[in-house]
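The values are calculated or read from the model by the stated rules, or taken from the named source; none is laboratory data. As the structure is a computational prediction, the values presented were derived from the model and not from experiment. In this analysis, Cβ positions are derived from the backbone assuming ideal geometry, glycine residues included, and neighbour counts consider all displayed protein chains.
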Amino acid sequence: MIAAVRTITVKDMRQRLRDKSFFLVGIVTPFVLAIIFDLVFGGLGGDELEVRAGVVDADQSEISGRLYEGVSAIDGEGGVTIVTFDGDSGTGPDGTSDGELDVRSAIDEQGLDAVIVIPEGFGADVTSGGGQAPRLRVVADPDRPIQVGIVESIADGLVTDIERSRLAAGAGQQLGTSTEPALQEADLDLHREWPGGEGLDTGSRMLAGMVVMFVFFTVSFGVTTLLSEKETGTMRRLLAAPIRRDAILAAKGIVSYVLGALATVILMVAGAVLMDADWGPWLGVSALVLAAVLTAVALMAVVAGIAKTAEGASGVQAIVAVGLAMLGGSWFPVASEGILGVLSQLTPHYWFLEGLDSLAGADSGSVVLPHVAALVAIAVVVGVPATVLLRRRLTP
Amino acid sequence: MTRNGRAHVAPKVWTMARYNLVRMFRERINLFFVFIFPVLIIAVLGVQFGEDNAPEVGVAGTGEFVDDAAERLEETGSVEVRRTGVSELEDLVAEDTVTVGVVAPDDASQMLRDDGGVQLRMLLSSTDEAAQIEGVVTRAFESAAVVPSVIGQLRAASGAESGEVAEVVGRTAEALPDIEIERVLPGGEDAEQSFGFEQIAAGMLLLMTFLNTLTGAAALIQSRTYGVSRRMLASPTSVWTIVLGEGAGRWFVGLFQAVYIIVVSAVLFGVEWGDLVSVIVLITVFALVAAGAAMLVGALMHNDEQAAGVTVMIGLGLGALGGTMLPLELFSSTMRAVAHATPHSWALEAFTEVGRRGGTIVDILPQLGVLLAFAVVFLGLAAWRLRVTLTRA
């Protein structure tokens, strides 16, 4: 039995490795896609976002001047570029004057995401108390909502400073103390924490998503040979030989598993070397990879067990692989609540990616135990019927 | 003979194109990827990133200061606030359900009034949005801290009794109108964010049309390896007729996919595509680009297994680069320049112009021109390569 398993395994393995599609689909495609996705999505981290904002002071009061300088001072910080405009070209408070047109053309010509406009009378409104609510306008490029949001939050921060000094001055006068409008620094002391770990960086996460998606394709090549051997007639010869059926099944399973694990390991090592991916404790990562490949073999085997032809099987396998990858968060994070969340948690992709996420930056690989357990559970639930189904297919 | 041959070109091309379409529908798997998958992915993405789905911010803590900050957060309209306990919040953030969590001490208001700083714990999830939402949260808490911290500052400066200071500051704050920040479009009207099904549907239309047209490259290789092409050449059919026929087949497939997504997304999700004529011209030209790419891959690759890997790589890769998965606005300037090397980004811009800004065909002429250029280059190269491979023994 063992000799037979070994013979079939070695022969199949050689056949698969000689075929270029293992490298193309199993390794090159996921890696290239991961690099592209990293380039595209990698800039999303927040601090790398480039924002170009303008500021116009049409008011020319003391307060507006302070605001104007405050905005200008941010130039160059955290990817923000500030372009300043002369107050004269600014806009009237009604928003319909000729000045408005200048702001619009400034947005177009200078490629600005938003312009902070301090309208005439702003300073007076701020100090008057009562009366009209002072209004700051952010003229926005409607196509760049994220950048506009950042500009708004810059304006928001400066407005808070103005409100504070205005309040301190106003109330201080009534109390008979003149406090300098010195900015009260550090009212709030913010401590940033990542309770779920900082998680994988975008690039590594993209790569992990592609790895687990494509391992299903890699594995399916090995499983489907069972059907194609039947179609080409070699299965009959195998069955006629003094080999137990289980030996044939075992060999096919081993080939699929080894190929899947091999592709995964190559990709993750390539990620660590070429993309600086930090996967965390290797023991935990290995356990996760081994368990995930097992579920891939089980799922692809169950499809092969039901399908009529090899071609039909690879079609359905593609659907299963792509569908599960989408649900499981290979492409984009899927909500963890609601029906979608429940469905997502039934996919091996979810557990693999979540496992890697918690391993990144963890001290010990044991954090990944629940994820590995979930993967093994999926593999058993799917794998047992798959074995029964496939064993039945082993007929001349 | 020549006259006769030319007279038969159109029906021949039509026959080849029709059989390409029939062959696509015979393959059951294609039915899934053409009919079901695009709808599924638009639905999932739409629910995920649709306008009703603001990221959640969790707030743990009680007291005036925290209530005020939570209220200010709600008012921004860009997040949903969930009030919970500390340990529950830690779990929610750890599992990325809540994007950012803030834990404030219960006596935070008092600490600020005592002129001391308050320590807030910012719990950040590992999602991409966390950094951006953190800014929104920080602003809300900073502005909520204004009143209590001014009370503390003045109490220290004036030496007055704390109740009196609080009363005066409260009254003054009440009387002073809040400074408002108003977002306007350059035209003057209110800005409205429309990040939703429209954008997702346009992106997916381009991605799936291109990908599913490209998959047809395998059919072209099959025609060659099975000898169909050679047999056609043996009949009074010119190389150009074959190239044209195969190309028309791919083009039909692409057009079909695009029209299907437009109709279904309009019916199911109420996506408004805009001026019909512009949209039809746009998808016609884009399908031509996709057909050209499919022909090129089909002409260059030797076996259909390799072609399958390459088409997935090119289809998804160009799609991602072209902004079909992530809006182009979020690209860095370098990546945006790179994106313009893909046909997808031009078509996407045109869709935005027509759908969101109510543009007409005149407004998208530049984009259509670029797309046509793509199509001409792809088809030209493919025809030249195919002529060589088809006539090679």
Q: For segment B:124-138, name all the residues that are farther than 19 Å from residue B:68 by Cβ, among the hydrophobic types (A, V, I, L, M, F, W, C), at the interface with chain A (Cβ under 7 Å from one of its Cβ atoms) and in contact (Cβ under 8 Å) with a residue 24 or more places away in the chain.
A: B:124
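The rows are residues; the columns are (1) under 27 Å from the mean Cα position of the chain (by Cα); (2) at positive phi; (3) more than 10 Å from every other protein chain (Cβ to nearest Cβ).
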{"position": "B:45", "(1), (2), (3)": "yes, no, no"}
{"position": "B:55", "(1), (2), (3)": "yes, no, yes"}
{"position": "B:61", "(1), (2), (3)": "no, yes, yes"}
{"position": "B:64", "(1), (2), (3)": "no, no, yes"}
{"position": "B:82", "(1), (2), (3)": "no, no, yes"}
{"position": "B:91", "(1), (2), (3)": "no, no, no"}
{"position": "B:97", "(1), (2), (3)": "yes, no, no"}
{"position": "B:104", "(1), (2), (3)": "no, no, no"}
(Q) If I ask for residues that are of a type in the set (S, T, N, Q) and over 14 Å from the mean Cα position of the chain (by Cα), which ones from segment B:326-350 would you list? (A) B:332, B:333, B:334, B:342
(Q) The conditions are (1) under 18 Å from the mean Cα position of the chain (by Cα); (2) surrounded by fewer than 24 Cβ atoms within 10 Å (Cβ to Cβ); (3) assigned by TED's automatic domain parsing to the domain that holds residue A:303; (4) over 30 Å from residue A:10 (Cβ atoms), and residue A:205 fails exactly one of them. Which is it? (A) (2)
(Q) Pairs needed: first member in segment A:214-229, closer than 19 Å to residue A:308 by Cα; second member anywhere, outside any helix (DSSP H, G or I); C-beta distance under 9 Å; at least 6 residues apart or different chains. (A) A:221/A:19; A:224/A:307; A:226/A:394; A:227/A:307; A:227/A:308; A:227/A:309; A:228/A:309
Q: Return a yes/no flag: does segment B:376-386 have any residue that is surrounded by fewer than 22 Cβ atoms within 10 Å (Cβ to Cβ) and closer than 17 Å to residue B:282 by Cβ.
A: yes
Q | Residues (farther than 18 Å from residue B:320 by Cβ and touching a His at 6+ places or on another chain (Cβ under 8 Å)) located in segment A:311-347 | A | A:324, A:327, A:328
Q) In segment B:311-330, how many are under 30 Å from residue A:112 (Cβ atoms) and either modelled with pLDDT under 85 or among the hydrophobic types (A, V, I, L, M, F, W, C) (or both)? A) 9
Q: Go through A:272, A:263 for me and flag whichever is farther than 15 Å from residue A:23 by Cβ, of a type in the set (A, V, I, L, M), within 23 Å of the chain's Cα centre (by Cα) and in the same structural domain as residue A:35 (by TED's automatic domain parsing).
A: A:272
Q: Out of B:184, B:136, B:98, B:118, report the one residue that is at pLDDT 85 or above and closer than 27 Å to residue A:155 by Cβ.
A: B:98
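Is it the case that some residue within segment B:147-160 is touching a Pro at 6+ places or on another chain (Cβ under 9 Å) and closer than 26 Å to residue A:127 by Cα? Working first, answer last.
Step one: filter segment B:147-160 for residues touching a Pro at 6+ places or on another chain (Cβ under 9 Å), giving none.
No: zero hits.
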Q) So, in segment B:211-221, of the ones that are farther than 17 Å from residue B:248 by Cβ and of a type outside the set (Gly, Ala, Ser), which residue ends up modelled with the lowest pLDDT? A) B:221
Q. Of the residues in segment B:139-181, how many are within 7 Å of another protein chain (Cβ to nearest Cβ) and not aliphatic (A, V, I, L, M)?
A. 11
Q: Could you tell me whether segment A:138-155 includes any residue that is at the interface with chain B (Cβ under 7 Å from one of its Cβ atoms), at pLDDT below 85 and over 30 Å from residue B:199 (Cα atoms)?
A: no
Q: Starting from residues that are free of Cβ contacts under 8 Å to residues at least 60 places away in the same chain and more than 8 Å from chain A (Cβ to nearest Cβ), keep the ones in segment B:287-338 and report whichever is surrounded by the most Cβ atoms within 10 Å (Cβ to Cβ).
A: B:328
Q) Which condition number does residue A:339 fail, the rest of (1) within 11 Å of another protein chain (Cβ to nearest Cβ); (2) surrounded by fewer than 17 Cβ atoms within 10 Å (Cβ to Cβ); (3) touching a residue at least 40 places away in the same chain (Cβ under 8 Å); (4) not acidic (Asp, Glu) being met? A) (3)
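Could you tell me whether segment A:80-97 includes any residue that is in a loop (DSSP other than H, G, I, E, B), modelled with pLDDT of 75 or more and not β-branched (Val, Ile, Thr)? Lay out the reasoning, then the answer.
First pass over segment A:80-97, keeping only residues in a loop (DSSP other than H, G, I, E, B): A:86, A:90-97.
This time we only want the ones that are modelled with pLDDT of 75 or more, so: none.
Taking every residue of segment A:80-97 in turn, none turns out to be in a loop (DSSP other than H, G, I, E, B), modelled with pLDDT of 75 or more and not β-branched (Val, Ile, Thr).
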Q | Residues within segment B:230-279 that are surrounded by fewer than 16 Cβ atoms within 10 Å (Cβ to Cβ) and over 25 Å from residue B:379 (Cα atoms), tallied | A | 7
Q.
Yes or no: segment B:195-208 includes at least one residue that is crowded, with 20+ Cβ neighbours inside 10 Å, within 14 Å of chain A (Cβ to nearest Cβ), part of a helix (DSSP H, G or I) and acidic (Asp, Glu).
A. yes
Q: Go through segment A:304-313 residue by residue and tally those that are surrounded by fewer than 24 Cβ atoms within 10 Å (Cβ to Cβ), in contact (Cβ under 8 Å) with a residue 40 or more places away in the chain and part of a helix (DSSP H, G or I).
A: 4
